[in-house]
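Trainee: Before I ask anything, let me first share the structure, which is written out below as C-alpha cells.
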Amino acid sequence: MRLVTFRDGAAQKIGAVQGDMLVDLSELAPDMLTLIDGGPALLDRLWELVARDTTARMPLEGVTLLAPIPRPRKNMMCLGLNYASHAAESARFRGRPTVLPEYPVVFTKAVSAVNHPDGVIPYDPQVSAEIDWEVELAFVIGRAGKQISRDVALEYVFGYTIFNDISARDIQNRHKQFFLGKSLDGTAPFGPWLVTPDELPDPHALGLRLRVNGITRQDANTCDLIFKIPDIIATLSNGMTLEPGDIIATGTPSGVGMGMQPPTYLQPGDTLEAEIDGIGVLRNTVGGR
Ligand code: MG
C-alpha cells in the first residue's frame, strides 16, 4: 500500500494510491500520525476500505501531495556515514584517512525542515552557498518499543519512503555538530508516499539514485548500508523509546556535491530527483535568490 498526505482545498487529508487513482481515507483517520497510532486494527479497516468496489476514488493526477507526515512529533533521526563509499568521499574532502564508524553516527533534523514532494528548497546565499543533496531510504516507526532486538526489529517498521537529506555544508563544517547545517527550513523533503513493508519485503536490496538536472550523481544499493535497519532500530531503542511516527533516515551513498572534484553545490533553478526502487521518485527544485 502506498499512503499519502494530500491537500484538499485548505485541508490536509490522507489517502491510499491505487494505480493512478487515490482513495480518500478521511473516514479512517484525519492524518497519518493518527493512522499509525491506530495500529493493526485500523490498518485492517484500511485494507477493507480500499478493497471495496464502492469506495470512491479520484485521479491521482492533479492532486497536490505533501510529505507523508507533514509535521512529525519529534526531530527526524538520521544516520551519518552509513555507506563506506560516502565515508571515503567525506574523509577525502576533509583531507583525512577514511575510518568507518564502529557504531552508528546519529544526528537529527528539526521538524521545521520538512519539505514536500515537488516542494521548493529555499536558497539564500547569505545563509548558505553550499547546499548539497543526499538520497536516503527512510523508514517510519509503527509501534512503540525499547530494547528492540534485531530479529524482530523490522516488525516495528510502519513504512518506507524516500528522503533527501539536504545539507548546508558550509554550516555543517563550521559547527562541531551536524544539527544546524542539517536543519535549514525546507531541507528535509520526503515522500512522495509511505510504502508499507508488504510491498518491500527486503529493504536491503533497493537501488537508489539521485539526479541533478537529469544527470545521475548518486547510484547505489541499500545492500551496502553499513548498519542495516535492524542494527539501527536496536541501537536507537537501547535506552530510548522509539515511538509511532518516528522518522529515521538511513544515510546516503557516495556521489554528493561535496565529494565532487571540485566540490559542486546546488544552484537556484536546479531540479532534484531522488529515486528508490519499489518506492518511486521524489522531485524537488531549488528556489531562486
Ligand atoms: Mg544524510
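FYI, it's all coordinate maths here, none of it is from the lab. Because the structure is a prediction, the values reported are computed rather than measured. Don't worry about glycine lacking a Cβ; one is built from the backbone with ideal geometry, like all the others, and counts go over all protein chains shown.
Trainee: State the Cα centre-to-centre distance between the range 111-181 and the range 219-260 in whole Å.
Mentor: What the calculation gives is 10 Å, centre to centre.
Trainee: Okay, helix-only estimate at 222 nm for the chain: each DSSP H run of n ≥ 4 adds -39500 (n - 2.57), divide by all residues, round to 500 deg cm²/dmol; what do you get?
Mentor: -4000 deg cm²/dmol
Trainee: Please give, to one decimal in nm, the separation of the simple spin-label points placed at ASN173 and ASP37, each 7 Å out from Cα toward the Cβ.
Mentor: For ASN173 paired with ASP37, the spin-label model returns 4.4 nm.
Trainee: Let me know the shape class of the range 165-280, please: from the alpha-carbon gyration tensor, a ≥ b ≥ c as square roots of the eigenvalues, rounded when a/c is under 1.5, otherwise prolate if a/b is greater than b/c, or oblate.
Mentor: Verdict is oblate for the range 165-280.
Trainee: Further, regarding this structure: Could you tell me which of rounded, prolate or oblate describes the range 2-66, using a ≥ b ≥ c as the square roots of the eigenvalues of the alpha-carbon gyration tensor, with rounded for a/c under 1.5 and, failing that, prolate when a/b is larger than b/c and oblate otherwise? Walk me through the intermediate numbers first.
Mentor: Values: a/c = 2.02, a/b = 1.19, b/c = 1.69.
In terms of gyration-tensor shape, oblate.
Trainee: Between ARG71 and ARG96, what FRET efficiency follows from the Cβ-Cβ distance if R0 is 51 Å, with the result rounded to 0.05?
Mentor: With a Förster radius of 51 Å, E is 0.85.
Trainee: From the square roots a ≥ b ≥ c of the eigenvalues of the alpha-carbon gyration tensor of the range 78-150, which class results: rounded (a/c under 1.5), prolate (a/b over b/c), or oblate?
Mentor: On the way: a/c = 2.43, a/b = 1.07, b/c = 2.26.
Taking the square roots of the gyration eigenvalues as a ≥ b ≥ c, the range 78-150 is oblate.
Trainee: Separate question: From the backbone phi of the range 87-97, what are the Karplus-calculated ³J(HN,Hα) couplings (6.51 cos²θ - 1.76 cosθ + 1.60, θ = phi - 60°) in whole Hz, Gly and Pro given as x?
Mentor: 4, 5, 5, 5, 5, 4, 4, 8, x, 10, x
Trainee: Mind checking the dipole of the chain: about its Cα centre, +1 per Lys or Arg Cβ, -1 per Asp or Glu Cβ, Debye to the nearest 20?
Mentor: Computed about the Cα centre, the dipole is about 900 debye.
Trainee: Given points 7 Å out from each Cα along the Cα-Cβ axis, report the ALA10 to ASP219 separation in nanometres with one decimal.
Mentor: Modelled inter-label distance: 4.8 nm.
Trainee: Over the range 76-286, what is the relative contact order in whole percent, taking alpha-carbon pairs under 8 Å and six or more residues apart?
Mentor: Computed value for the range 76-286: 33 percent relative contact order.
Trainee: Could you list, bin by bin from short to long, the percent of Cα-Cα pairs of the chain in 10 Å steps?
Mentor: Each 10 Å bin holds this share of Cα pairs: 6, 30, 36, 21, 6, 1, 0.
Trainee: Where a Cα-Cα gap under 25 Å defines reach, which lysines qualify for LYS13, not counting those fewer than 8 residues away within the same chain?
Mentor: Correct list for LYS13: LYS74, LYS109.
Trainee: In sequence order, what are the phi-derived ³J(HN,Hα) couplings for the range 169-179 according to the Karplus relation 6.51 cos²θ - 1.76 cosθ + 1.60 with θ = phi - 60°, rounded to whole Hz, with x for glycine and proline?
Mentor: Result, ordered by residue: 5, 4, 5, 4, 7, 6, 9, 6, 10, 6, 3 Hz.
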